[in-house]
1. Of the residues that sit in the range 62-101 and are more than 20 Å from the chain's Cα centre (by Cα) and among the acidic types (Asp, Glu), which one is surrounded by the most Cβ atoms within 10 Å (Cβ to Cβ)?
2. How many residues does the range 61-101 contain that are part of a loop (DSSP other than H, G, I, E, B) and out of contact with any helix residue (DSSP H, G or I) (no Cβ under 7 Å at 6 or more places or on another chain)?
3. For the list (1) over 10 Å from Phe47 (Cα atoms); (2) without any contact (Cβ under 8 Å) to a residue 40 or more places away in the chain, I need the number of the one condition that Leu111 fails.
4. Cβ contacts < 7 Å: first residue assigned by TED's automatic domain parsing to the domain that holds Arg96 and free of Cβ contacts under 8 Å to residues at least 24 places away in the same chain, restricted to the range 49-60; second residue in a loop (DSSP other than H, G, I, E, B) and of a type in the set (Phe, Trp, Tyr), any location; separation 6+ or different chain. Result?
Amino acid sequence: MSNNAFRLADCARVRSGRRPGFPSTNTCGAVRRVLQRKRPSKAKTRFAVCIENKGYEASLEIGKLYRVIPDEKAERHGYLRIIDESGEDYGYDATRFFAIDVPRPLERVLLKTAS
C-alpha cells in the first residue's frame with residue numbers, strides 16, 4: 001500500500017470512531033480532495049541530437065546531445081525549446097534535431113553533469 005492509502009484509511013477510521021487522536025472528518029475530507037487531484041506525472045526528460053546548425057554554429061553543434069525543455073506552445077508551432085551552448089534555453093526549429101530516448105541511468109548522469 002502507498003502512503004496515500006494509509007492516510008485515506010486513517011480518515012475512514014476517524015469517521016467510524018475507531019482511531020481517536022487523528023484529524024477530524026473535515027480535515028480528512030481536505031486530505032481526500034488533495035489526494036484525488038490529478039497529479040502531474042513525472043515526465044521523462046527529453047533529449048535530442050542536433051542534425052543541422054546552419055546559421056547557429058555558435059549555439060549548436062552537429063551531433064551533440066541537447067536537453068529539450070517541455071513547451072507545448074513551441075511544439076505546436078514546430079519548434080523545440082533547447083538548452084544550447086550558451087546554457088540558456090531557446091526555441092529552435094524542430095527539424096534541426098533528432099529526438100532520442102535515453103535510458104534512466106544515462107539520463108541521471110546527463111542531468112547531474114548539466115547542473
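The values are calculated or read from the model by the stated rules, or taken from the named source; none is laboratory data. Remember, predicted model here, so these are calculated numbers, not experimental data. Note that we place each Cβ from the backbone using ideal geometry, even for glycine, and neighbour counts take in every protein chain shown.
1. Among residues in the range 62-101 that are more than 20 Å from the chain's Cα centre (by Cα) and among the acidic types (Asp, Glu), the one surrounded by the most Cβ atoms within 10 Å (Cβ to Cβ) is Glu85.
2. In the first step, residues of the range 61-101 are kept if they are part of a loop (DSSP other than H, G, I, E, B); the result is 61-64, 70-71, 77-78, 84-88, 101.
Pick out the ones that are also out of contact with any helix residue (DSSP H, G or I) (no Cβ under 7 Å at 6 or more places or on another chain) and you get 61-64, 70-71, 77, 84-88, 101.
Total satisfying the criteria: 13.
3. Status for Leu111: all satisfied but (2).
4. none
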